[in-house]
1. Rule-of-thumb check for the chain: C-alpha Rg over 2.2 N^0.38 Å?
2. Assuming 0.36 nm per residue, please report the length gained on full extension of the stretch Gln109 to Val38 beyond their Cα-Cα distance.
3. With an 8 Å Cα cut-off and a minimum separation of 6 or more residues, compute the relative contact order for the chain in percent.
4. Just the number, please: percent antiparallel of the DSSP beta bridges in the chain, rounded to the nearest 5.
5. Show me the chymotrypsin sites (Phe, Trp or Tyr not before Pro) within the range 29-62 that DSSP assigns to loop and that have at most 13 other Cβ atoms within 10 Å of their Cβ.
6. So for the range 33-95, Kirkwood radius off the Cα pairs, Stokes-Einstein at 10 °C and 1.306 mPa s: how many µm² s⁻¹?
7. If each of Ser66 and Glu52 carries a label point 7 Å out from its Cα toward its Cβ, how far apart are those two points in nm?
8. Below 21 Å Cα-Cα, how many Lys pairs turn up in the chain? Only count pairs eight or more apart in sequence, or on different chains, if you could.
Amino acid sequence: GIGGYGVMANSWGFDNTGVLPGHLSAWTKILVGWITPVVLSTPGNYSLKQAETSAEVYKIDSGFPSGEYVLIENRQPVLFDAGLPHGGLAIWHVDEGKSSNQDEGHPRQSGWPANDRHYKVALLQADGKYDLES
């Protein structure tokens, strides 16, 4: 899941007023043709401008099964994202082989991750709690 980190999942925003809906996710911006991600294929030091004012997203597909990759964007609490609880890098796991975002997957499930259950688009959580998955 993506929780309030994408307007398509929570148009009310983190404060639930609808005044500051979350920004579009990196995946959504690519889907609608607003941005083209920069594919990172070599190790190195990279920097990202914040997503609200810059059309920069990195994509890493090396080491993933075909159609699976991560997108990286820099989300900061400004403009429509002003309601974000914290700023930082948002790392999105995407599996284009999934037909929808209905296949919930998390460590509390029997056989996970070998059961191949996960959302089509999910925000990876730095705390490892999987709160957005349920």
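1. So the chain has a normalised radius of gyration of 1.05.
2. Extending this stretch completely gives an extra 22.2 nm.
3. Relative contact order, the chain: 21 percent.
4. Approximately 80 percent, going by the DSSP bridge assignments.
5. Answer in residue order: Trp34, Tyr46.
6. 126 µm²/s
7. Simple spin-label model gives 4.1 nm for this pair.
8. Eligible lysine pairs with Cα atoms under 21 Å apart amount to 9.
The values are calculated or read from the model by the stated rules, or taken from the named source; none is laboratory data. Only a predicted model underlies this, so the values are computations on that prediction, with no experimental measurement involved. When we count neighbours, we look across all protein chains shown, and the Cβ atoms used for this are built from the backbone with ideal geometry, even at glycine. Just so you know, the surface numbers come from the protein's heavy atoms only, side chains and all, with ligands and any DNA or RNA stripped out. Shrake-Rupley method; radii C 1.70, N 1.55, O 1.52, S 1.80 Å.
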